Amino acid sequence: MAGAALPADDRLAQELLDGLAEAVVTVDPAGVVALVNAMATDLLPELTPGVDLVGCQVPALAEAARTGSDTFETEHHGRRLRGLRRPLAAGRGAWYVRDVTEEHARTDALLAERSRTAFLARAGSRLGLSLHRDQTLRAAVTLPVPYLADVAVVVHRPAPPAEDAPHWIRYATGDSGPVTGVTGWRTVESVPGLVEALDGDRTEPSPWLDAELADLAEVLPTGFGRPGTVLISPMPSAGGPAGALVLARRPERPGFDQREIALAREFAGRAGAALAAAELYGEQAHLARVLQNSLLPPELPRLPGMTLAGGYRAAGDSLRIGGDFYDVFPTGEGGLLALGDVCGKGVGAAVLTGRVRQSLQTLRLVEQRPRELLELLNRALLDAPDAARRAQFTTLLLGAVRREPGGGLRVRVAGGGHPAPLVARAGGGIETVRVGGMPVGALTDARFVDAEVRLAPGDLLLAYTDGVTEARGGPTELAMFGEDRLRQAVASGAGLPPAALVERVLQLVDEWLDGQPHDDIAMLVLAAG
């Protein structure tokens with residue numbers, strides 16, 4: 001204890017000191033070692049009675065004795081030691097030295113695990129947000145540098161239609177950004193373990209030392225030199241190997257330990273899964289674009305004696321396709337107009353939309369009377385092999401337009417469960433063309449209704465889907481846009497060209513929605529002229 005005298009019996013004092021779990025070194029007033037216990041003999045064999053601490057062979061302790069410091073910490077004989085000085089009576093002192101090697105090891109392990117967890121969390125976040133193949137590859141090579149390696153390279157097979165040659169992307173400490181390139185299979189085959197990794201070999205990755213890397217030099221940074229250690233890990237995925245991750249360290253950096261090997265393997269697995277997900281997303285996006293291009297409303301043809309304009313808004317923001325559509329087909333007498341709304345939305349509705357449009361394209365060649373064409377289309381949809389399982393239908397308006405000698409238009413409109421079109425007269429007033437009928441593709445004995453309307457010069461006919469009237473919004477509470485607001489919008493746009501009227505109605509609906517989700521919207525406006 002500090003300030004207490006040692007027992008007068010040196011033998012008893014030695015026995016007491018030897019029983020302690022920490023090293024004890026006592027010194028006289030001149031700083032010369034007087035007693036050492038058994039633990040001190042084990043940890044500090046250089047200290048024996050009679051040794052002057054200032055000149056002893058334990059540098060950290062000698063420095064503390066010379067400067068009068070009461071503490072020291074050092075590495076000695078492979079152990080981590082921490083010392084604390086306490087004064088004793090009569091100017092003497094005692095150094096208590098503990099072996100903190102295991103304590104440091106536990107602390108280092110905890111810090112390493114925290115660092116590993118933080119790295120994987122950061123990697124998971126970056127990789128999870130990368131839905132594009134190139135972005136995922138960039139993340140796969142930038143994340144490990146410099147945490148795991150001085151340079152990271154991903155060797156991968158490119159997505160079609162690129163040539164089937166090994167591609168690589170590399171990032172190294174000090175680079176401004178990843179670098180990409182193409183190599184040959186000879187280079188890949190010359191690197192031990194790389195072909196196996198590209199084939200999805202899931203054997204335990206291990207450091208690769210003392211290998212000839214001349215052929216790998218082309219994918220390493222200029223001036224990097226011979227790596228000290230190289231670690232190759234497969235990048236597995238559910239659909240097969242996504243590539244191989246090559247991590248290289250400079251010679252002056254320690255090699256990979258087992259914990260780092262396990263971390264690299266786990267990171268490579270996550271990167272492989274992210275790359276496979278990005279490739280799948282890319283394929284789906286490509287298919288979606290193809291589908292979108294085939295189903296987007298077409299550019300309207302020019303028909304003599306009439307003006308046409310269409311408007312379209314899909315329900316989804318990510319994929320501009322849905323269940324609403326319009327089409328215009330030239331005929332010998334004028335044209336055939338079609339505007340429909342397939343039940344549902346998204347890709348499922350878009351597929352049926354494509355089937356309806358394709359069927360109309362074919363059936364119009366044999367029948368151009370609207371009501372009779374609806375009957376043929378109804379039969380064709382119900383005869384499809386998956387009609388019973390699909391349980392989908394469409395509402396539809398078909399209009400056969402022909403010019404009149406006086407400059408107007410005669411339109412015969414047939415309805416299949418669709419909202420009635422509106423006619424805006426040039427002299428004022430809004431009329432409803434009463435066509436109802438039953439949805440197309442729902443019942444074998446469905447009945448359809450047609451009506452005829454004449455458009456004088458300046459008159460407009462507006463056909464629309466229920467996405468317009470059922471748009472929910474409003475300044476104070478959610479309410480439907482409704483037919484009354486639509487009629488007012490059409491009346492206020494009387495005299496406008498068809499394209500201007502479409503834009504006006506869409507603008508008013510957008511303002512009403514004010515960012516709220518909505519159903520698909522389609523409109524078609526016809527005028528004489």
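The values are calculated or read from the model by the stated rules, or taken from the named source; none is laboratory data. Being a predicted model, the structure only gives us computed values, none of them experimental. Virtual Cβ from ideal backbone geometry, glycine too; neighbours counted across all protein chains shown. Remember, those area values only see protein heavy atoms, side chains included, never the ligands or the DNA or RNA. Shrake-Rupley method; radii C 1.70, N 1.55, O 1.52, S 1.80 Å.
Can you give the helix-only mean residue ellipticity at 222 nm for the chain, where every DSSP H stretch with n ≥ 4 adds -39500 (n - 2.57) and the sum goes over all residues, rounded to the nearest 500 deg cm²/dmol?
That comes out to -10500 deg cm²/dmol.
For helix 482-492, what angle does its Cα long axis make with the longest principal axis of the chain, in degrees from 0 to 90 and rounded to 10?
70
With label points built 7 Å along Cα→Cβ from the Cα atoms of Asp134 and Ala491, find their separation and express it in nm.
Going by the 7 Å Cα→Cβ label model, 5.4 nm.
How much accessible surface does His518 have with a 1.4 Å probe, in Å² rounded to 10?
Surface open to solvent at His518 totals about 40 Å².
What accessible area per residue, rounded to a whole number of Å², is obtained for the chain using a probe radius of 1.4 Å?
Here the residues of the chain average 49 Å² of exposed surface.
Under 5 Å between amide H atoms, partner at least 5 residues away or on a different chain: which partners does His76 have, H built in plane at 1.01 Å?
Leu81
Add +1 for every Lys or Arg and -1 for every Asp or Glu among the other residues with Cβ under 11 Å from the Cβ of Pro251, and state the total.
Charge balance near Pro251 sits at +2.
With all protein chains present, how much of the accessible area of the chain (probe radius 1.4 Å) comes from carbon and sulfur, to the nearest whole percent?
That share works out to 52 percent.
Not counting ligands, DNA or RNA, and with a 1.4 Å probe, what is Glu483's accessible surface area in Å² rounded to the nearest 10?
Ignoring ligands and nucleic acids, Glu483 comes out at about 80 Å².
Quick check on segment 29-129: what does the Kirkwood estimate of hydrodynamic radius come out to from the alpha carbon pairs, in Å?
16.0
Which of (1) 86, 29, 19; (2) 35, 31, 20; (3) 40, 29, 19 is the computed semi-axes √(5λ) of the Cα gyration tensor in Å for the structure on display?
Read-out taken from this structure: (1).
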